[in-house]
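To keep things clear, I will list the structure first and then write my remarks on it.
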Amino acid sequence: ANVSGMEIETKPDITYDKIGGLEEQIREVKETVELPLTEPELFEKVGIEPPKGILLYGPPGTGKTLLAKAVANETNATFIKIVASEFVKKYIGEGARLVREVFELAKEKAPAIIFIDELDAVAAKRLKSSTSGDREVQRTLMQLLAELDGFESRGDIGIIGATNRPDILDPALLRPGRFDRFIEVPLPNIDGRREILKIHTKNMSLDDEADVDLLAELTDDLSGADLKAVCTEAGMFAIREKRDKITVTDFMDAIDKVMSKSKEDELFKT
Ligand code: ATP
């Protein structure tokens, strides 16, 4: 199936050691998604149902997709990603059918992880006044709820939703047996930034002064995705000046650039 807004990877190459600063979140994801896939008998013995769906929430670029991919890697599962906002935009009148197809595909390819990014696009609280666009979103959500309720969580399919706006989600989606575990994925603190910078500078040739401790201090408020951009930009500055070592100044310029870029994005956000 080659549907835009859907991405399938047989076994993503992201491992937990490529994720910086989210130890607690990794532990929770292992317990709630990985364990049911790898040792379903544990849940049978104890006599409880494994969680069906978990919700990762937090600002953009903090590693939600990485976490979902790492689970798929660790469990040798097929990774099926859908971006909910693209689904409702591109496939008017077909959102519900596509949701059905995604779940069918997951059953076929099991073990599988279904990752639904920007879940809020199909799962915002129901509004009273409704345009035909709203009704389309409603139908897609209803189908998603039906799929969640309909399938037995034998553990071979894990469902992970992600959103930046947990506050606007329809409570129906968050009931037990649906997305009933929530894991916050916040912006990294200084230790997290140091870990993330270590990962992204691993193959870079840095000047002695440009160490990750200093860089972590200079990058307050930046996300993992921003930090990765900083590393790339710093490398570009060095290339432009035909140097093969990246200096603190390169990083400072890169930090300025990435910070002003994220301010711009903030301004133009619709
Ligand atoms: P969105 O909500 O925008 O979909 P996300 O939380 O899913 O964002 P990712 O797609 O996981 O963010 O992150 C984007 C990129 O940023 C990653 O591919 C990685 O290079 C980098 N990155 C983000 N967070 C981390 C992290 N915790 N450790 C290492 N790299 C990170």
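The values are calculated or read from the model by the stated rules, or taken from the named source; none is laboratory data. Fair warning: this is a prediction, and the values are worked out from it, not measured in the lab. Every residue, glycine among them, receives a Cβ derived from its backbone with ideal geometry; neighbour counts consider all protein chains shown. The area values use the complete protein model at the heavy-atom level, side chains included, leaving out ligands, DNA and RNA. Shrake-Rupley method; radii C 1.70, N 1.55, O 1.52, S 1.80 Å.
Region 58-129 and region 145-182 have Cα centres lying 11 Å from one another. Largest first and in whole Å, the equivalent-ellipsoid semi-axes of the chain read 36, 23, 16, each the square root of five times a Cα gyration tensor eigenvalue.
A probe of 1.4 angstrom, applied to the heavy atoms of all protein chains, finds Asp17 with accessible area near 120 square angstrom.
Shown in residue order for region 68-82 are the 3J(HN,Hα) couplings computed by the Karplus curve 6.51 cos²θ - 1.76 cosθ + 1.60 at θ = phi - 60°: 5, 5, 5, 4, 4, 4, 5, 9, 6, 9, 6, 9, 10, 10, 10 Hz (x for Gly and Pro). Potential lengthening of the chain between Asp253 and Phe182 amounts to 21.8 nm, from the contour at 0.36 nm per residue minus the alpha-carbon distance.
On a per residue basis, the chain carries 53 Å² of accessible surface, using protein heavy atoms and a 1.4 Å probe. Restricting region 197-270 to trypsin sites (Lys or Arg not before Pro) that sit in a DSSP loop and have at most 13 other Cβ atoms within 10 Å of their own Cβ leaves Lys202, Lys242, Arg243, Lys245, Lys269.
When the inverse distances between all different Cα atoms of region 1-140 are averaged and flipped, the Kirkwood radius reads 16.3 angstrom. For region 251-270, backbone nitrogen atoms closer than 15 Å to the point 7 Å from Asp208 Cα along Cα-to-C-beta are found at no residue.
Surface composition of region 152-270: carbon plus sulfur atoms hold 52% of the accessible area, using a 1.4 angstrom probe and ignoring ligands, DNA and RNA. Straight-line reach from Lys18: which lysines fall under 24 Å, measuring Cα to Cα and dropping same-chain residues less than 8 apart? Straight-distance partners of Lys18: Lys30, Lys64, Lys69, Lys81, Lys198, Lys202, Lys228, Lys245.
With helices as the sole contributors, the chain gives -14500 deg cm²/dmol at 222 nm; each DSSP H run of n ≥ 4 counts as -39500 (n - 2.57), and the sum is divided by every residue.
Please report, in cubic angstrom per residue, the volume enclosed by the convex hull of the alpha-carbon atoms of region 171-270. Mind showing how you got there, number by number?
Values: hull volume 12.8 nm³, N = 100.
Here the figure is 128 Å³ per residue.
Scaled to the globular estimate 2.2 N^0.38 Å, the Cα spread of region 132-212, given as radius of gyration, is 1.73. Over region 157-228, what relative contact order in percent results from Cα pairs under 8 Å that are six or more residues apart? Over region 157-228, the number comes to 35 percent. Debye-formula intensities of region 4-75, expressed as log10 I(q)/I(0) at q = 0.15, 0.18, 0.23 Å⁻¹, are -0.56, -0.77, -1.11 (one equal scatterer per alpha-carbon, no solvent).
Within the accessible area of region 63-105, the carbon and sulfur atoms contribute 47%, probe 1.4 Å, all protein chains present.
Pop out the carbon and sulfur fraction of the accessible area of region 1-40 as a percent, whole number, probe 1.4 Å. Let's see the in-between values first.
Working: 1030 of 2190 Å².
Percent of accessible area from carbon and sulfur atoms in region 1-40: 47.
When DSSP beta bridges are restricted to pairs lying wholly in the chain, around 20% turn out antiparallel. Computed from phi, the 3J(HN,Hα) profile of region 47-56 under the Karplus parametrisation 6.51, -1.76, 1.60 (θ = phi - 60°) reads x, 10, 7, x, x, 7, x, 10, 10, 9 Hz, with x in place of Gly and Pro.
Within the chain, the longest run free of GluC sites (Glu not before Pro) that sit in a DSSP loop with at most 15 other Cβ atoms within 10 Å is 1-151. What number, in percent, do you get for the relative contact order of the chain if the mean sequence gap of Cα pairs under 8 Å and at least 6 apart is divided by its residue count? Relative contact order comes out at 24 percent.
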